[in-house]
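Written below as structure tokens is the structure these notes are about.
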Amino acid sequence: MDTPSFKIYTSTAQLPDTWDKVAQENVFLQTHYLKVLENSAPTNMECFYIGIFEKAELIGVALAQYLNLNKLESFGERDRCLKTYVRNFVFKNFASHVLFLGNNMITGQNGYEFIKTIDYKDISDLLLECANAITQYFKEQKIKIHIVSFKDFYQHCAEELKKHQFTNIYEFNTQPNMIFELQKNWQKQEDYIAAFSKKYRDQYKRSHKKAAGITTKELSWEEITQQEERIYELYHHVAKNAPFNTFFLAKNHFSTFKKQCGDRFKLVGYFLDEKLVGFHTLLLNGTVLETYFLGYDDQIQKEKMLYLNMLYNMTKFGIENQFEKIIFGRTALEIKSSIGAKPILMSGFIYHTNKWVNKFMAKIFPQLEPTLVWQQRHPFKEN
């Protein structure tokens, strides 16, 4: 096979006609999703779309994202301690210009897709060459990229990349991706609840009872547009109280998503006395159900166990619509494991463009990553 070449695009209007055919296995690389990013990306993000060619044929597609952390209002306000202040200082002064090969807005291996088998040596070469090309693009604009990160690889893929160009790049494992493999014999929610041990059946009943008075409704594009301010307020409350953030969504993100993706994007509102008090979102990705961003009123969430009820409702949707698995992503690992999701370790690779700083990446990085202690729950009866 000829060595693959690549071309970097800065607009979805420039993409080759066969792009979606190549990206057909992953909705997060298809043009309707890329247009969501283009039209409503976080204000500190710039996206690049990478076409990979064998001679003149498009055989692969990839995504890169540049983040300017100087534009960020907050890195996350939940953890106020010396380590957090040190981390924020370091990011502002030595790591504010970050390039991701992959999608920093979601969890999972969504950075690239090929329509034919590609050798991992070629993949590792291409990823590094693309990173260098985009770094050079910014250098010409007098912007120095500090950090380059290759995001979210399953363990098999990470092991293969390390045999080639990634062998000397620092590998990191952050919080695992919580994935729920749905049982084929679950046809309805009752089948799922019946599989719980008594303790977790009681948890389900208690949360269901607590949610009395809450009504749910899938919102249309018009309704999302009408509720845009409130939706963003609820999202923003959750986002800024996360332990660490590198972006905040644009205010028009959810309405743009609905307009571009239609029925493949679901936004479900939670109402109390006809007032929107929470929402969750889902994206239908073939046989996989992807959970996306959510938001809630903190007081109502505590009173009504809103977050746990959202997890049960997302699972119900996955079962009733015959999805094979649900990607619940990072964060809230313990409560996600209590509804059946299991942790899947994912790797990333990262380097600093300053060679002296990069030498100490193995010492620096663990100090910047918020530490997490959690207990995995096992909610199902043993066979």
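The values are calculated or read from the model by the stated rules, or taken from the named source; none is laboratory data. Fair warning: this is a prediction, and the values are worked out from it, not measured in the lab. Positions of Cβ are generated from backbone atoms using ideal geometry, with glycine treated the same way; all protein chains shown enter the neighbour counts. Surface areas here come from the heavy atoms of the whole protein model, side chains and all, with no ligands, DNA or RNA. Shrake-Rupley method; radii C 1.70, N 1.55, O 1.52, S 1.80 Å.
Points worth noting:
- Relative contact order (%) - criterion: Cα under 8 Å, at least six apart; region: the range 285-362: 31 percent
- For residue 184, the aspartates and glutamates whose Cα falls under 14 Å of its own Cα, not counting residues fewer than eight places away in the same chain, are 320, 324.
- Per residue Cα convex hull volume in Å³ - calculated over the range 344-383: 99 Å³
- Ligands, DNA and RNA aside, residue 5 has an accessible area near 60 Å² when probed at 1.4 Å.
- Two-decimal Rg/Rh across the range 287-346, once Rg and the Kirkwood Rh are taken from alpha-carbon atoms: 0.97
- Amide H within-cut-off set for residue 380, under 5 Å, with H built and near neighbours excluded: 197
- Relative contact order %, the chain, counting alpha carbon pairs below 8 Å whose residues are six or more apart: 22 percent
- Considering only GluC sites (Glu not before Pro) in DSSP loops that have at most 16 other Cβ atoms within 10 Å, the longest stretch of the chain without any of them is 141-273.
- Cα gyration tensor shape for the range 221-334, rounded if a/c is under 1.5, else prolate or oblate: rounded
- Here the calculated FRET efficiency for residue 8 and residue 159, from their Cβ-Cβ distance with R0 = 22 Å, stands at 0.20, rounded to the nearest 0.05.
- Taking amide H as placed 1.01 Å from N in the peptide plane, the amide H of residue 182 sits under 5 Å from that of 325, 326, each at least 5 places away or on another chain.
- Given the alternatives (i) 70, 41, 41; (ii) 58, 49, 48; (iii) 66, 59, 34, Cα extents along the principal axes in Å as computed for this entry is given by (ii).
- Residues listed by number, the range 1-33, amide nitrogen under 17 Å from residue 116 label point at 7 Å toward C-beta: 1-7, 18-19, 21-24
- Shown are 216, 107, whose ranking by accessible area with a 1.4 Å probe and every protein chain present, most to least, is 216, 107.
- Angle between the chain longest axis and helix 198-210 axis [Cα atoms, degrees, rounded to 10]: 80 degrees
- Using alpha carbons only: equivalent-ellipsoid semi-axes of the range 192-255, gyration tensor based, whole Å: 31, 18, 11
- Order of exposure, largest accessible area first, which applies to 36, 357 with probe 1.4 Å: 357, 36
- Cα-projected label distance for residue 225 with residue 139, points at 7 Å along beta-carbon direction, nm: 4.6 nm
- Compared with the alpha-carbon gap, the fully stretched path from residue 53 to residue 21 is longer by 10.1 nm at 0.36 nm per residue.
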